[in-house]
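The next block holds one structure in the form of structure tokens; read it before the comments.
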Amino acid sequence: MALRGDDESLSGSNKGNFLELVELVGQYDSVLKLHLDKIKEKQASHQKPQVSLLTCLPAIVQFLEDLSEPPDPAGGEANMLLHSINFEFILCLEITPIFLETAVASNALQWQDLDLAAAYTVVNGVINRMNTMRTEEQFKEIYHNATIQVETRGINVPEDIPGQYCSTSATEDHQPQTLEEYYRGRMYFTFLDSLIQELHRRFKGKGNTDKIVMSLHCLIEPSKWKDTANAEALNAAHTFCEFYGFQEEEEQLLTELRVFHSSYTCSQISSHAILETFKDFEAHIVFPTFFKLLKIFATLPVSTASTERSFSKLKLLKTKLRNACGQEKKKKKTYKTFICKYVNSLLSSWLDPERLSMVQTKMTHKHTDIK
């Protein structure tokens, strides 16, 4: 019996058999129930790492000071760490919440059934947020918070501008007059500029990659093709046909798009929903060019998250105790795992749990014959 779930937190909806059994026992054991309630409360009030570090900083400093006193052999390393906890260190802790913005994109790109248009919308939102944060007013607030933190902890704020400053920012081409200007240009603006450039490099790439992807998304929006196609939709179709070498089929594609979006209504605006419509009505016979482009759009990978999940699932099947398992048997076991997951996601919305379990068992025994 599998004990692990997809989400191993106590507040998860699929926490696995073990945690479900623990919660069941907790209903009849007051001590265990109190322990579980404390864990849930702790998970609900989980602090951000930099906030936790700032909270524990006085205790850390005191511990390092105790270590630095002779004859402790770790005194040299403790002194080195104490000298590292200065104003710049605290300021960096105040700046690190910027990574929470990029974490939004990281989490979103790992969603299942995420199409390219939605992925680019998320990435563009994060880039716009980075550009919005790159202001003097934003850094002034960060600098003020860092100053309060160091004064509270008895750390000296430097009075002079350290070293010779050479700006790498396009807007900071002058010598700073104050310490705030120095850190704003040397640290904050430079850090944000590097982060924005890296986001552009990873997700935009060279050329007009994002333009091609958004032109793909434009083809599946009904509002752009009903009645009379607008200029944006026509340009998107031309860009896409030119990129994939479908210039001779461009007029046929425009006709198919107008007829399809005027005749059919999909559950949602996505390539997968339109492909389901094609499957239900066998529309690929009437709209062959549009169907060809839809298959391209639906199979373009958004990220490697799905592939990594497949490898993670394979590690659960091919363990040290199954290292002599043949290729054919591994195929059957893998297929069994994925078919159960597929049936569960497909039928859980309209089948009761007992009937769903019966269907899963029948599907597994029908398609896998593992002895």
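Brief remarks on what is shown
- Residue match in segment 192-215 (condition: surrounded by 15 or more Cβ atoms within 10 Å (Cβ to Cβ) and touching a Leu at 6+ places or on another chain (Cβ under 8 Å)): yes
- Among the conditions (1) in contact (Cβ under 8 Å) with a residue 24 or more places away in the chain; (2) part of a helix (DSSP H, G or I); (3) of a type in the set (A, V, I, L, M), the only one that residue 275 does not satisfy is (1).
- Residue match in segment 230-239 (condition: surrounded by fewer than 19 Cβ atoms within 10 Å (Cβ to Cβ), free of Cβ contacts under 8 Å to residues at least 60 places away in the same chain and not in a helix (DSSP H, G or I)): yes
- Verdict on residue 78 being touching a Leu at 6+ places or on another chain (Cβ under 7 Å) and assigned to a helix (DSSP H, G or I): yes
- Residue match in segment 108-128 (condition: under 30 Å from residue 56 (Cα atoms), under 13 Å from the mean Cα position of the chain (by Cα) and β-branched (Val, Ile, Thr)): no
- Within segment 219-278, tally of residues that are polar (S, T, N, Q) and within 26 Å of residue 119 (Cβ to Cβ): 10
- Yes/no for residue 130 being touching a helix residue (DSSP H, G or I) at 6+ places or on another chain (Cβ under 7 Å) and either surrounded by fewer than 17 Cβ atoms within 10 Å (Cβ to Cβ) or modelled with pLDDT of 85 or more (or both): yes
- Sub-8 Å Cβ pairs linking a first residue in segment 19-35 that is of a type in the set (Asp, Glu) to a second residue that is not in a loop (DSSP other than H, G, I, E, B), at least 6 apart or interchain, are 23/36, ordered by first then second residue.
- In segment 285-313, residue modelled with the lowest pLDDT [restricted to those that are β-branched (Val, Ile, Thr) and within 16 Å of residue 249 (Cα to Cα)]: 296
The values are calculated or read from the model by the stated rules, or taken from the named source; none is laboratory data. All of these numbers come straight from a predicted model, not from anything done at the bench. Cβ atoms come from the backbone with ideal geometry, glycine included; neighbour counts cover every protein chain shown.
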